[in-house]
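These notes concern the structure reproduced below.
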Amino acid sequence: MSKSFQVKVMRQEKPSSNKHWETFDITYENGMNMTTVLQRIAAAPVTTDHQTTTPVAFDACCLEEVCGACTMVINGRVRQACSALVDKLLDESAGVIELRPMTKFPVVRDLTVNRRAMFDTLKKVKAWVHVDGYHDVGPGPRVSPKQQDTAYPLSRCMTCGCCVEACPQFSDKTSFIGPAAISQAMLFNAHPTGSNDRDDRLAVLTSVGGIADCGNSQNCVKVCPKEIPLTDSIAQAGRDTTFYKLRQWFGR
Amino acid sequence: MAKQQVVVIGGGLAGLAATMQLAESGVHVTLISMVPVKRSHSVCAQGGINSVNTLTRQQGDTEWKHLDDTVYGGDFLQHQPPVKEMCEWAPRIINLLDRIGVPFNRTPEGLRDQRRFGGTLYKRTAFAGATTGQQMLYALDEQVRRWEAEGMVEKLEYWEFLGPVLDGNGHCRGVVAQDMFSMEMRALRADAVVLATGGCGLVFGRSTNSLICTGGAAGRVYRAGAKYANGEFIQVHPTAIPGTDKLRLMSESARGEGGRVWVPRKPQDNRDPMSIPAAERYYFLEERYPAYGNLVPRDIATREIFDVCVTQDLSVEPGRMCVYLDVTELPGATQKKLDGILEIYEKFQGVDPRHTPMKIFPAVHYSMGGLWVDYERDGNSGGLNLGSPRNQHSNVPGLFVIGEADYQYHGGNRLGANSLLSCVFSGLIVAPTLENWLKSLPRGSAEDQSATLFDGAIDSHKQRMDQLINNQGDENPYKLHTELGDCMTRQVTVVRNNKDLRLAVETIEKIEQRYQHVHLSDRSNWTNQNFSFTRALGDMIVLARVIAKGALLRDECRGVHFKPEFAIPAPQADDPETLRAEARRWCEAFREKNEEWLKSTISRHTADGPDISYEPVDTGLINPRPRTYGLKGAEMIDEVWREMDKGNAAGAAVAESESKT
């Protein structure tokens with residue numbers, strides 16, 4: 001007889017619908033991860049009490065934890081479903097695994113949420129390097145290996161939303177832009193060309209919803225799947241905005 | 001005059017490159033993507049991007065050699081002018097990426113670092129950690145976000161492309177797209193549509209591709225009349241980690257650092273691999289290729305692993321095909337160099353490969369084939385006439401194709417680190433092409449077309465949706481997809497033969513019939529992923545037929561298309577005179593084979609399945625020559641071929657310059 005386990009999924013048909021739980025029996029497979037579990041449910045959407053239901057709606061894309069799509073709350077912890085292995089999850093909570101959508105974004109359906117707000121925030125902090133144009137003017141600025149070592153980890157941010165999910169200050173009721181956006185602002189402020197827009201970014205960070213809203217809970221850095229030093233970025237942003245404000249007071 | 005409108009479908013490297021370049025040129029772009037563009041499949045590319053650079057130039061490297069490596073690697077199946085242009089643009093493209101902030105790895109002096117990749121002698125490959133594709137995608141995403149903030153780009157994310165809108169003359173006048181949340185359909189008028197929707201790995205079930213790589217968009221324009229070319233050329237990477245949902249890439253560097261590939265001699269020996277003594281292990285690459293060992297070329301490694309599991313039934317596991325890739329014997333310091341990739345294995349398999357051999361298997365990775373596109377050759381340079389409305393233009397007027405979705409750059413086999421290049425290149429050069437196209441639109445602009453054209457298009461998609469959602473039957477789309485993938489993976493990947501291919505063609509036709517009875521478990525009208533997947537499955541089946549039939553008809557070996565029954569037997573003699581005679585016969589057979597088969601497969605959709613014809617290949621710059629790597633008598637074949645081929649100056653010049661390097 002093959003081994004099985006249960007998965008409890010928080011379901012919601014539409015943004016206006018009520019949430020409810022459904023439980024599924026899943027036949028165990030070696031090396032199974034949570035995206036596979038959701039695919040198995042899609043192929044045979046029948047609950048533990050033999051009710052036929054619909055496949056669970058969820059976001060997933062690369063399945064190797066580089067795109068950030070399949071982020072959800074698994075056994076109470078926000079993470080990517082693709083790199084969440086059933087074996088380890090069953091060690092956390094024997095026999096049953098619990099799936100919920102992220103709570104900081106509007107639920108579209110089931111585990112699918114709309115994280116558009118995060119991408120909009122990237123516009124706010126001008127998370128780009130503004131170049132003259134795309135014509136050929138030779139190589140970019142020289143960058144020391146040390147600078148690259150600092151930039152690369154920040155540049156791996158997938159905009160997955162784990163950090164804001166775990167952040168006590170971020171919600172749809174506050175205007176806090178969150179750790180990911182602050183870290184991106186620091187990434188582009190550190191770039192030789194990107195730093196031309198430095199003050200614009202610092203202005204955003206010193207305005208409503210900026211760095212002052214960070215409560216320093218340090219949750220963000222603990223849940224970041226890419227181990228981005230988000231609290232270092234926030235500390236850097238704190239220093240840079242202080243100097244920026246001083247410069248503003250003294251008329252530069 | 002009404003504002004001209006361009007729709008780009010797909011926000012990976014190619015789509016984003018096109019969008020940012022068009023926006024800079026003052027052309028407003030609507031960008032449609034099934035996922036937030038930052039989550040496109042380009043994120044999965046690890047290795048890097050090729051270009052001639054200051055360092056390699058001093059070692060004698062040139063754009064011409066990059067061209068030569070690319071067409072030689074591709075077994076001469078690609079038209080050479082676009083490839084030449086691409087290789088010439090490559091250094092400029094790396095500079096541009098550098099300027100917009102891609103964090104390329106650096107030398108101590110602060111210059112870009114480069115590594116060497118397969119199929120070349122030079123360190124041409126710039127890279128950003130182990131996530132070059134991700135870093136490039138992010139940089140382009142950031143540029144497009146800037147244009148979005150400036151009002152030049154409108155993004156429709158979580159929107160799915162359903163099909164082109166063609167007028168009575170077969171001109172593309174726009175697209176129908178669907179909001180994947182609300183399921184609302186909309187027709188967007190467009191004077192030019194650019195398809196940048198990537199590959200079709202999901203046709204093979206599980207692959208190294210992302211879940212969105214269904215080939216759905218390509219299938220939809222193919223059904224609407226666009227030609228599909230060289231579909232049978234599908235690259236299979238030798239080492240991937242078999243997963244229950246996806247096959248994740250395991251870099252070649254594991255073998256480069258001394259990793260060994262083996263299976264237990266006893267089929268499905270269920271002992272702990274570490275307890276199996278050496279004598280009972282079959283190191284099949286080392287035994288079969290004593291000279292190259294575990295570092296045989298990619299295609300050979302792939303074929304041998306496949307052979308051991310499929311033909312000899314020596315797979316490590318009974319229900320799942322895999323072999324051991326063993327780095328447990330390597331010293332700690334060497335293992336440390338592999339940390340990055342070993343961590344991926346550990347993360348997804350939950351097993352530490354430092355102490356337990358990894359289980360790996362080849363995986364479908366990249367589609368060299370794709371939608372047919374045109375180009376205009378520049379008579380002077382031999383490259384492209386940039387800005388010509390013919391470049392990247394499909395046979396449907398107004399529909400352009402770029403990136404992995406087109407067939408143009410990689411011929412019969414793609415070199416590592418050339419895909420990121422071809423994506424960005426085709427994206428950038430489509431911009432001047434569109435500018436000129438927009439200046440001289442045949443038969444007026446999209447705004448001039450009647451509303452009934454677009455309303456009618458929406459209606460027909462709505463009808464199809466209703467029909468599919470309410471379809472009566474008992475076929476499960478997910479199970480049907482698994483069957484399709486199994487058939488394609490078993491019969492249409494690494495080792496092909498006509499008996500199996502005929503069987504595959506029949507099986508796919510049966511799956512297509514069964515698809516008519518597909519049953520949806522979700523009939524709702526809100527964020528219905530069950531519906532979206534099932535619709536795409538229909539397109540996957542159509543592409544599967546194209547791939548399988550193309551493979552069945554192509555009776556030769558070329559690039560990744562390996563059909564042993566039509567392989568030219570390698571010379572066997574040891575005596576030099578006999579060997580020379582055999583090499584001459586080999587070369588004559590090779591010449592005959594090229595006369596018959598050096599041509600692009602062109603597929604057109606009909607109600608009865610793909611209609612296949614062929615088109616000649618422009619090999620005017622570099623004369624085709626044999627790929628002899630690993631063959632017995634390779635040097636002799638090369639020598640004989642040069643003598644036979646002296647008539648062609650270009651070919652001889654290249655062969656000569658190559659022999660010097």
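The values are calculated or read from the model by the stated rules, or taken from the named source; none is laboratory data. Every value quoted in this text rests on a predicted model; they were computed, and no experiment measured them. Neighbour counts run over all protein chains shown; Cβ positions are idealised from the backbone, glycine included. Areas reflect the complete protein model, heavy atoms only, side chains present, ligands, DNA and RNA absent. Shrake-Rupley method; radii C 1.70, N 1.55, O 1.52, S 1.80 Å.
Computed quantities for the displayed model
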| quantity | calculated |
| --- | --- |
| Placed amide H near B:Phe76: partners under 5 Å, 5+ positions off or other chain | B:Gly412 |
| Convex hull volume per residue for segment A:4-113, taking Cα atoms only, in Å³ | 96 Å³ |
| B/A buried area, accessible surface, summed, 1.4 Å probe, Å² | 6000 Å² |
| Distance histogram for chain A (every C-alpha pair counted, 10 angstrom bins, percent rounded to whole numbers) | 7, 27, 28, 20, 12, 5, 1, 0 |
| Alpha carbon centroid spacing (whole Å) that separates segment B:198-232 from segment B:53-102 | 27 Å |
| Rg to Rh quotient for segment B:190-295, alpha carbon positions, Kirkwood Rh | 1.15 |
| Kirkwood hydrodynamic radius over Cα pairs of segment B:311-427, then Stokes diffusion coefficient at 4 °C and 1.567 mPa s, in µm²/s | 71 µm²/s |
| Segment A:91-151: C-alpha pair distances exceeding 19 Å, % | 66 percent |
| Among B:Val236, B:Asn169, B:Thr452 - extreme Cα towards positive end, dipole of the protein assembly as shown, charges at beta-carbon | B:Thr452 |
| Share of carbon and sulfur in the accessible heavy-atom surface of the protein assembly as shown [1.4 Å probe, %] | 50 percent |
| Exercise: per-residue mean of other protein chain Cβ atoms within 10 Å, A:52-61 | 6 |
| As computed over segment B:1-109, the Cα convex hull volume per residue (Å³) | 164 Å³ |
| Percent of beta bridges antiparallel (DSSP, the protein assembly as shown, rounded to nearest 5) | 75 percent |
| Translational diffusion of segment A:116-249, µm² s⁻¹ [Kirkwood Rh, Cα pairs; Stokes-Einstein; 4 °C; 1.567 mPa s] | 85 µm²/s |
| The protein assembly as shown: Cα Rg divided by the 2.2 N^0.38 Å rule of thumb | 0.93 |
| Distant-in-sequence amide H partners of B:Ser367 (H built 1.01 Å from N, under 5 Å) | B:Cys200, B:Gln235 |
| Rounded to the nearest 20 debye, dipole of the protein assembly as shown from Cβ charges on Lys, Arg, Asp, Glu | 1720 debye |
| Solvent-accessible area per residue, Å², over the protein assembly as shown with all protein chains present [probe radius 1.4 Å] | 38 Å² |
| Over segment B:247-286: Rg over Rh, Cα atoms, Kirkwood Rh | 1.02 |
| Charged-residue dipole, Cβ positions (Lys, Arg, Asp, Glu), chain A about Cα centre, Debye nearest 20 | 700 debye |
| Convex hull per residue volume in Å³, alpha carbons only, for segment B:402-527 | 211 Å³ |
| Kirkwood estimate for segment A:74-117, i.e. one over the average of 1/r between Cα atoms, Å | 11.5 Å |
| Lys pairs under 17 Å by Cα in chain A, provided they are eight or more residues apart or on distinct chains | 6 |
| Helix-derived mean residue ellipticity, 222 nm - over chain B, DSSP H n ≥ 4, -39500 (n - 2.57), to 500 | -12000 deg cm²/dmol |
| Shielding of B:140-146 by partner chains, average beta-carbon count, 10 Å | 5 |
| Histogram of C-alpha separations across segment B:470-553, 5 Å bin width, % | 3, 15, 26, 21, 14, 10, 7, 3, 1 |
| Helix B:498-515 vs. chain B, principal-axis angle (Cα, 0 to 90°, nearest 10) | 30 degrees |
| Overall dimensions of segment B:127-255 by Cα: Rg and Dmax, Å | 18.0, 56 |
| Whole-number D in µm²/s for chain B (Stokes-Einstein; Kirkwood sum over Cα pairs; 10 °C, 1.306 mPa s) | 62 µm²/s |
| Calculated Rg and Dmax of segment B:237-363 using C-alpha coordinates, Å | 13.3, 37 |
| Shielding by other protein chains, A:129-138, mean Cβ within 10 Å | 6 |
| Nearest 10 degrees, 0 to 90: helix A:145-155 Cα axis against chain A principal axis | 50 degrees |
| Solvent-free Debye scattering, log10 I(q)/I(0), computed from the Cα coordinates of segment B:282-332 at q = 0.12, 0.19, 0.24 Å⁻¹ | -0.28, -0.68, -0.97 |
